[in-house]
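Below: the structure, in structure tokens.
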Amino acid sequence: MVVEPRVKDYICTTAHPVGCAENVKNQIKYVKAQPKVEGPKKVLVIGASTGYGLASRIAVAFGYDADTLGVMFEKESNGRRTATAGFYNTRAFEEEAKKDGLYAKSINGDAFSLEIKQQVIDTIKADLGTVDMVIYSLAAPRRVTPDGHKYSSVLKTVGEEYSNKTLVLKDNTVTMAHIPAATEEEIENTIKVMGGEDWIDWMQALSDAGVLAEHVTTVAYSYIGPKITFPIYAEGSIGMAKKDLYRSSDIINEKFANVTSYIAINKALVTQSSAAIPVVPLYITLLYKQMKAKGVHEGCIEQMARLFLDKMAGEAETDENGFIRMDDWEMADDIQEAVAKNWDAVTSENVKELADIDGYWDEFYNMFGFKIDGVDYSADVDIM
Ligand code: NAD
């Protein structure tokens, strides 16, 4: 069938199999053009199918020559509806990795569950023996804990309600977003979903099963950003979960003598998860405009290639809090001053001038395999 994008709010409900494959190949091409680095050789990537996790997997596979085992939560096609982008991305990744003689297997299921943890352990035992790197890149709206409890995360502020400008994605207008304060229970639930408990559970399960190598590195991702986004991000409900993630990194370092744990603070980028956060997409469009003008813009693959092939090659480069700062170029004074000035000035009338709206939408469509150069979108494609 001919697959067209169907955009609903901040998500596209269709994905193009050929476009997704092309997208993955382009990311691989980027990494292959970088000098190879000596690094971990058997890597488990949790949340491996889209965004930062997919880019991480590509960076370590083609930058370190690493075998990779990926975990994701994606939908297959039922013959009428397309699969999700992450499904097509993963299939394309596996094909390309195998062509280069790299091991690549993926497990599609709920990473929070005991069953998937066991499947991963069994697969490592059967195929790899041990892993020497664990990348934790989950972004999930809900979690069912092993005791059957369901938790949902919220994107709200903490303390007081907050109002600020936001980009209405359906018509590219700028309006005010009014973000309510989360209740104590909502904050606790968001910490359950996006905090570090499950990361520790993973490391414990892998350690107990004896599938961690003698020296293991693990890394999880966070975002800090500028003051404009503090109430909704760093100091909002998601920020509370990220603080829990930081504490969890310390716990992992204390608990497992053979594991070194890191937090990388990544750049704000268009991904399926960030599109859902109020205020943030407007900030991203203003940021892209400045970073592109100064020639320092990066997408997921540029960020993750820089992380694994540069900042984490050898001894990891960290700041005074122990964080690996991949947001260094985003947070540069000249960039932030220009963004802050434009933040005050931006309206529905001038948003196309001040912000990189087209760039945002290109990246948005690209995530689902659309608007990729060289793909014939009028052609019939097999969606299975
Ligand atoms: P994403 O939505 O593109 O990727 C999420 C991944 O998690 C996918 O592979 C998905 O299949 C997987 N996943 C979700 N629920 C799952 C489940 N229950 N079981 C198994 N897999 C599951 O998101 P992203 O933006 O790449 O986010 C990854 C991490 O990076 C998050 O911790 C996020 O907070 C962080 N981060 C994102 C940004 C940004 O701007 N996008 C910036 C800094 C940090």
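The values are calculated or read from the model by the stated rules, or taken from the named source; none is laboratory data. In this text, all values refer to a predicted model and were calculated from it rather than measured experimentally. Quick reminder, even Gly has a Cβ in these numbers, built from the backbone with ideal geometry, and neighbours come from all protein chains shown. Each accessible area value is taken on the protein alone, full model and side chains, heavy atoms only, with ligands, DNA and RNA left out. Shrake-Rupley method; radii C 1.70, N 1.55, O 1.52, S 1.80 Å.
Can you find even one residue in the stretch 323-336 that is more than 22 Å from the chain's Cα centre (by Cα) and β-branched (Val, Ile, Thr)?
The answer is yes; a qualifying residue exists.
Check whether at least one residue in the stretch 195-210 is open to solvent by less than 10 Å² (accessible area, probe 1.4 Å) and either free of Cβ contacts under 8 Å to residues at least 24 places away in the same chain or hydroxyl-bearing (Ser, Thr, Tyr) (or both), and report yes or no.
Checked the stretch 195-210: no residue is open to solvent by less than 10 Å² (accessible area, probe 1.4 Å) and either free of Cβ contacts under 8 Å to residues at least 24 places away in the same chain or hydroxyl-bearing (Ser, Thr, Tyr) (or both).
Taking the stretch 204-220 only, how many residues are within 16 Å of the ligand (Cβ to nearest atom), within 20 Å of the chain's Cα centre (by Cα) and not small (Gly, Ala, Ser)?
Of the residues in that region, 2 qualify.
I'd like the residue in the stretch 179-189 that is open to solvent by 40 Å² or more (accessible area, probe 1.4 Å) and not β-branched (Val, Ile, Thr) and, out of all such residues, is farthest from residue 112 (Cα to Cα).
In this case the residue turns out to be 180.
Report whether or not residue 3 is outside any loop (DSSP other than H, G, I, E, B), of a type outside the set (Phe, Trp, Tyr), away from the ligand (no atom under 16 Å from the Cβ) and farther than 28 Å from residue 223 by Cα.
Answer is no for this residue.
Among the residues of the stretch 322-345, how many are without any contact (Cβ under 8 Å) to a residue 24 or more places away in the chain and part of a loop (DSSP other than H, G, I, E, B)?
Here the count works out to 1.
Of the residues that make up the stretch 349-359, is at least one modelled with pLDDT of 95 or more and either in contact with a strand residue (DSSP E or B) (Cβ under 6 Å, 6 or more places away or on another chain) or more than 28 Å from residue 168 (Cβ to Cβ) (or both)?
Looking through the stretch 349-359, at least one residue is modelled with pLDDT of 95 or more and either in contact with a strand residue (DSSP E or B) (Cβ under 6 Å, 6 or more places away or on another chain) or more than 28 Å from residue 168 (Cβ to Cβ) (or both).
Give just the number: which of (1) more than 15 Å from the ligand (Cβ to nearest atom); (2) open to solvent by less than 10 Å² (accessible area, probe 1.4 Å); (3) over 24 Å from residue 179 (Cβ atoms) does residue 359 not satisfy?
Going through the list (1) more than 15 Å from the ligand (Cβ to nearest atom); (2) open to solvent by less than 10 Å² (accessible area, probe 1.4 Å); (3) over 24 Å from residue 179 (Cβ atoms), residue 359 breaks only (1).
Which condition number does residue 369 fail, the rest of (1) open to solvent by less than 40 Å² (accessible area, probe 1.4 Å); (2) at positive phi; (3) out of contact with any Cys (no Cβ under 9 Å at 6 or more places or on another chain) being met?
Going through the list (1) open to solvent by less than 40 Å² (accessible area, probe 1.4 Å); (2) at positive phi; (3) out of contact with any Cys (no Cβ under 9 Å at 6 or more places or on another chain), residue 369 breaks only (3).
If I filter the stretch 363-373 for residues that are of a type in the set (Val, Ile, Thr), modelled with pLDDT of 95 or more and not in a helix (DSSP H, G or I), do I get at least one hit?
Yes: one or more hits.
Restricting attention to the stretch 67-88, and to residues there that are open to solvent by 10 Å² or more (accessible area, probe 1.4 Å) and within 14 Å of the ligand (Cβ to nearest atom), which single residue is nearest to residue 12 (Cα to Cα)?
84
Test residue 24 against the criterion of being of a type outside the set (D, E, K, R) and either near the ligand (Cβ under 9 Å from one of its atoms) or open to solvent by 60 Å² or more (accessible area, probe 1.4 Å) (or both), and give yes or no.
No, not satisfied.
Do the conditions hold for residue 30, that is, is it open to solvent by 10 Å² or more (accessible area, probe 1.4 Å), hydroxyl-bearing (Ser, Thr, Tyr) and modelled with pLDDT of 95 or more?
Against the criterion (open to solvent by 10 Å² or more (accessible area, probe 1.4 Å), hydroxyl-bearing (Ser, Thr, Tyr) and modelled with pLDDT of 95 or more), residue 30 qualifies.
Within the stretch 43-50, is even one residue within 16 Å of the ligand (Cβ to nearest atom), open to solvent by 30 Å² or more (accessible area, probe 1.4 Å), at pLDDT 95 or above and closer than 18 Å to residue 97 by Cβ?
Of all residues in the stretch 43-50, those within 16 Å of the ligand (Cβ to nearest atom) come to 43-50.
Restricting the remaining residues to those that are open to solvent by 30 Å² or more (accessible area, probe 1.4 Å) gives 50.
Narrowing further to those that are at pLDDT 95 or above: 50.
Now drop any that are not closer than 18 Å to residue 97 by Cβ, which leaves 50.
Yes; the residues of the stretch 43-50 include at least one that is within 16 Å of the ligand (Cβ to nearest atom), open to solvent by 30 Å² or more (accessible area, probe 1.4 Å), at pLDDT 95 or above and closer than 18 Å to residue 97 by Cβ.
So, in the stretch 226-240, how many residues would count as being within 18 Å of the chain's Cα centre (by Cα) and acidic (Asp, Glu)?
0
Quick one: would you say residue 238 is of a type in the set (Val, Ile, Thr) and closer than 25 Å to residue 132 by Cα?
So residue 238 fails the test.
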